[in-house]
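Down below is the structure, laid out as structure tokens.
What follows draws every value from the coordinates through simple rules; no lab data is involved. This is a predicted model, so every value here is computed, not measured. Positions of Cβ are backbone-derived with ideal geometry, glycine not excepted, and every protein chain shown enters the neighbour counts.
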Amino acid sequence: MTLTSLVMGARAKDREAVILSNLNPSLQTAIILEGLPDGNSAIDTLASSPNLTIVRIAPGCMCCVGNMIMRVHLNRMLRTQPERLYISVANSEHIDQLRLFLSEAPYDSLMSLTDDIVCNA
């Protein structure tokens, strides 16, 4: 079961910093990042790490306009059975719907959702 955290905050740089501070290099980790980085991204420098899979998807509400794209990337990532997954979202407006979506089949048997991580600038 993949331990999964939703990371929320308006600035990509803040969300990425929180994810970096929580990374355990010995765990197989997957990260879905919403939007483009704010300048140079420290996470992108780790992209060649054998224990890390990173995808960026276009900005937009993950449960509305980004649902299909997120679902495709999420399914691909979960096939590799990562031990840890971070999903970074800029807008927390529909976070309850995203959490509900991730709590339903088939994801409920593949992922264990943690408390949300909220970034404060």
Exercise for the section: Determine whether segment 27-48 contains at least one residue that is farther than 19 Å from L98 by Cα, touching a Pro at 6+ places or on another chain (Cβ under 9 Å) and among the β-branched types (V, I, T). Expected result: yes
Practice task
For segment 97-115, state whether one or more residues are among the β-branched types (V, I, T), under 18 Å from M1 (Cα atoms) and in contact (Cβ under 8 Å) with a residue 24 or more places away in the chain.
Solution key: yes
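For every residue, the table says whether it meets (1) buried (at least 19 other Cβ atoms within 10 Å of the Cβ); (2) part of a helix (DSSP H, G or I).
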{"position": "N75", "(1), (2)": "no, yes"}
{"position": "P82", "(1), (2)": "yes, no"}
{"position": "L85", "(1), (2)": "yes, no"}
{"position": "S88", "(1), (2)": "yes, no"}
{"position": "E93", "(1), (2)": "no, no"}
{"position": "D96", "(1), (2)": "no, yes"}
{"position": "L102", "(1), (2)": "yes, yes"}
{"position": "A105", "(1), (2)": "no, no"}
{"position": "D115", "(1), (2)": "no, no"}
Exercise for the section: Inspect segment 35-45 for any residue being assigned to a helix (DSSP H, G or I) and surrounded by fewer than 18 Cβ atoms within 10 Å (Cβ to Cβ) and give the result as yes or no. Expected result: yes
Fill in the blank from the handout: If you go through N67, N75, N40, N22, the only one that is in contact (Cβ under 8 Å) with a residue 40 or more places away in the chain and out of contact with any Ser or Thr (no Cβ under 7 Å at 6 or more places or on another chain) is N22
